[in-house]
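Structure, as structure tokens:
The values are calculated or read from the model by the stated rules, or taken from the named source; none is laboratory data. Since we're looking at a predicted model, the values are computed, not measured. Please note: Cβ atoms are built from the backbone with ideal geometry, for glycine as well, and neighbour counts cover all protein chains shown. The protein model used for the area step is the full one, side chains on, heavy atoms only, and it has no ligands, DNA or RNA in it. Shrake-Rupley method; radii C 1.70, N 1.55, O 1.52, S 1.80 Å.
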Amino acid sequence: MQLSDKHDGTTTKAFAGLRVLDFSTTIAGPHCARMLADMGAEVIKIETDGGETMRTRPPLRKGCSTVFGQLNVGKKSVVLDLKSEEGKEAVRRLAATADILVENFRPGVMHRLRLDYDRMRAVNPKLIYCSISGYGQSGPSAELPAYAPVIHAASGYDMAHLAYQPGRSRPDYCGIYHADVVTGTYGFGAIASALYQRTLTGLGQHIDVSMLESMLTLTLIELQNSQFTVKPPPRPMFGPTETASGYVMITVASEKTFQGLMGVIGRPEWISDPRFSTYAARRDHWADLMDGVEVWSRQLSTDVCLVALGAAGVPASAYRTVSEALADPQLAHRQALSSVEDEGGSFQVLNLPFRMTGADTTPGKTMAVLGEHTDRLRAEIGLTDGGPTPLAKTAAQT
């Protein structure tokens, strides 16, 4: 039985009834707003008539991007010209009906558009306005352009990671954008906190999320080590352990797992060996320890190694591709993926990584066409075809 099955049959969407205006683009902001949508909020994505950049990112099927779908499934789409006076009026009217606004423009952009927090607060004092940026909304670096790879370098993360790569002097290339996902998740948490505080105060607030500071949270030990002149003791550097058919990752972080590992590799005498008998000693002789482990592992296939390590309670895994990870029966048991439809067909997206006994956290089932909800939202806020038309129609609607 899954955790989500242990309820009384009344599971609902935790954020049902909330309205979100999503002005964000690329990854960090859309990821934050997608989490809000999965929790049941009505998320209205505001786009230009050309659509946001991620709509063109592969994989593409019939012009539809599944990466864009992963980040924006379950949202409504409205096409809006933010530079026009009519468009600004549409935002003000929508903001009056909204609970949350998410934007990740460079600081100052929303102010120049006259859509900043102070102006929106005047329209709706209960509005929770979340701004996500590279370095924060103020300060000497605030207006610098920033994308995740730049933040990885600026935060010290890349150099901290390099310190665990023996013999390397050049930082790694960046292909996976940790900063975007981490920052979007912090934005989601801050919004949830502000929603609770609003139940006490009746007021919204401005949330200022920094990608730089978010990325620094991944360097917990390194952040502390950097503050002291005493050279920190070496840490075990967990890395690939070679087998007869590939590599496994073995993590020895407690006395119990160390002793279990020594039993598996047939070296019980190393439990009392002065080089390895304490955690501090193992740090100083880590290479010798792992060389000894590889003498054992190189004689066996990856699968056989994993069976033996698992039986001894030693945390270990094969190095898998994402495709291999997605085929894990554990993810099927957890129902970690959902099928989504767009004009290009069906594809799968990852669900939120948590389950709740009283709330449904699954995503929407369809991707909105660009501008699909423009007319309905125009009518709702009193901007009918007979009056001002700040919400532009797309070619598909004309």
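For F228 and D49, calculate 0.36 nm times their separation in residues minus their Cα-Cα distance, and state this gained length in nm to one decimal.
59.2 nm
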Could you rank the peptides 48-59, 321-332 by their average count of other C-beta atoms within 10 Å per residue, with the highest value first? 48-59, 321-332
Let me check against my output: what whole-number percent is the relative contact order of region 305-372, with C-alpha pairs under 8 Å and at least 6 apart? 22
Taking the alpha-carbon centre of each part, the distance from region 239-313 to region 354-380 in Å is 49
Which listed residue (G184, P268, L82) has the Cα farthest towards the positive end of the charge dipole for the chain, taking +1 on Lys and Arg C-beta and -1 on Asp and Glu C-beta about the Cα centre? L82
In whole Å, what three semi-axes, largest first, describe the equivalent ellipsoid of region 59-112 built from its Cα gyration tensor (square root of 5 times each eigenvalue)? 26, 14, 13
Pick the calculated Rg and Dmax of the Cα atoms in Å for this structure from (i) 21.2, 66; (ii) 25.4, 87; (iii) 26.7, 87? (ii)
Near G345, within a Cβ-to-Cβ distance under 11 Å, what is the net charge of the other residues, with Lys and Arg +1 and Asp and Glu -1? -1
For A280 and R57 in the same chain, what is the full-extension length gain: residue separation times 0.36 nm, less their Cα-Cα distance, in nm? 75.5 nm
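Span-like helices, the chain: DSSP H, alpha-carbon axial extent 20 Å or more, mean Kyte-Doolittle -1.0 or greater, which ones?
Membrane-span-like by this criterion, though nothing is claimed about a membrane: 178-201.
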Long-range HN-HN contacts of A14 with modeled amide H, under 5 Å: D360
Calculated from backbone phi, Karplus (6.51, -1.76, 1.60) coupling profile of region 213-227 in Hz, x at Gly/Pro: 5, 4, 5, 4, 5, 7, 10, 4, 6, 5, 4, 5, 4, 5, 8
If you count, for each residue, the other Cβ atoms within 10 Å and average over each peptide, how do 186-198, 31-43, 164-176 line up from highest to lowest? 31-43, 186-198, 164-176
Which lysines have a Cα less than 27 Å from the Cα of K45, not counting those fewer than 8 places away in the same chain? K13, K62, K75, K76, K83, K88, K126, K365, K393
Per residue, how many Å² of accessible area does region 81-143 show with a 1.4 Å probe? 45
Given only helices, namely DSSP H runs of n ≥ 4 each adding -39500 (n - 2.57), what is the per-residue ellipticity at 222 nm of the chain, to the nearest 500 deg cm²/dmol? -10500 deg cm²/dmol
Tally Lys and Arg at +1 and Asp and Glu at -1 over the other residues with C-beta under 15 Å from the C-beta of V293: what net charge comes out? -2
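What percentage of the solvent-accessible surface of region 82-227, computed with a 1.4 Å probe over protein heavy atoms, is contributed by carbon and sulfur atoms?
57
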